[in-house]
1. Kindly indicate whether any position in the stretch 149-170 is open to solvent by 40 Å² or more (accessible area, probe 1.4 Å), touching a Cys at 6+ places or on another chain (Cβ under 8 Å) and among the aliphatic types (A, V, I, L, M).
2. How do the pairs read when you match residues in the stretch 182-206 that are under 14 Å from Ala90 (Cα atoms) and of a type in the set (A, V, I, L, M, F, W, C) with residues anywhere that are in a strand (DSSP E or B) and open to solvent by less than 40 Å² (accessible area, probe 1.4 Å), using Cβ under 6 Å and keeping only pairs 6 or more apart or on different chains?
3. Please go through the stretch 100-113 and give me each residue that is assigned to a helix (DSSP H, G or I), farther than 13 Å from Ile186 by Cα and of a type outside the set (S, T, N, Q), ordered by number.
4. Please determine, by comparing only the residues of the stretch 139-164 that are among the small types (Gly, Ala, Ser) and either in a loop (DSSP other than H, G, I, E, B) or more than 43 Å from the chain's Cα centre (by Cα) (or both), which one is farthest from Ala191 (Cα to Cα).
5. Restricting attention to the stretch 177-195, does a residue exist that is at pLDDT below 95 and part of a strand (DSSP E or B)?
6. What about Ala129, is it closer than 25 Å to Glu207 by Cβ, part of a helix (DSSP H, G or I) and at pLDDT 95 or above?
Amino acid sequence: MLHSADTMVRWTLPVSVVIHGGLLAALLALAVPRSLERPAQHVISVELVRPAPQSPPPAVASAEPAPKPAAVPEAPPPVPTASADDGMIAATDFYAGGILADPANAEVRRNFPLLASSEQVTQLCNMEALEQLRLADPAVPADALVGYAFDSITVAGTVLDAPDGAVRSGGSWFHFRYHCAVTPDIAGVSAFEYALGAAVPPEQWEEHFLNGNDDWLN
């Protein structure tokens with residue numbers, strides 16, 4: 001019996017060693033990491049394209065408001081000069097043409113060509129006379145004129161002469177004489193001289209159409 005047990009120990013020990021060794025080898029084989037295969041790379045060809053140069057954006061005009069025109073100072077009233085021979089004052093600037101062209105006087109301008117040429121000359125010269133006197137003394141402007149009050153008016157072509165008329169200013173009448181020349185197209189005045197005389201006594205007003213009723217005035 002002892003012999004048999006010894007025999008079994010001698011046989012089983014090598015077999016156990018072999019079996020355990022095989023298991024250990026198998027475990028070691030599993031424990032060793034296997035090298036991983038690198039996946040195939042897919043190469044993409046990329047071409048760098050330089051962008052085309054862009055033209056600069058169009059300049060935008062600034063929205064700044066247009067500069068206001070500088071204010072033109074109003075011209076001072078003309079300084080009349082006295083003629084050496086007869087004491088009349090010669091005007092250096094003329095206004096009748098501008099008065100006639102004013103849009104406020106559109107109706108007068110439309111009817112103006114309907115007048116006879118001598119009457120057109122008379123009307124232009126009377127406009128000029130009143131404006132010259134208004135500028136000479138703005139405090140007491142002249143507001144009515146009768147060129148034939150004391151003597152007749154003469155018109156020769158584009159020249160008018162009124163040797164003794166009358167002008168109203170500040171509610172009173174004064175002797176007034178004037179000499180006037182208009183442009184060839186009768187659109188304005190080219191020369192003007194005048195002289196303001198003494199006051200007309202009120203008792204003479206009605207006799208010389210100076211009664212204050214504007215229906216009698218030029």
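The values are calculated or read from the model by the stated rules, or taken from the named source; none is laboratory data. Every value quoted in this text rests on a predicted model; they were computed, and no experiment measured them. So basically every Cβ, Gly included, is an ideal-geometry build from the backbone, and we count neighbours across all protein chains shown. The accessibility values were calculated without ligands, DNA or RNA, using every heavy atom of the protein model including side chains. Shrake-Rupley method; radii C 1.70, N 1.55, O 1.52, S 1.80 Å.
1. yes
2. So the pair list comes out as Val189/Val182; Ala191/Ala181; Phe192/Cys180; Leu196/Phe176.
3. Within the stretch 100-113, Pro103, Ala104, Ala106, Glu107, Val108, Arg110 meet the criteria.
4. Once the filter is applied, the top-ranked residue is Ala139.
5. No; the residues of the stretch 177-195 include none that is at pLDDT below 95 and part of a strand (DSSP E or B).
6. yes
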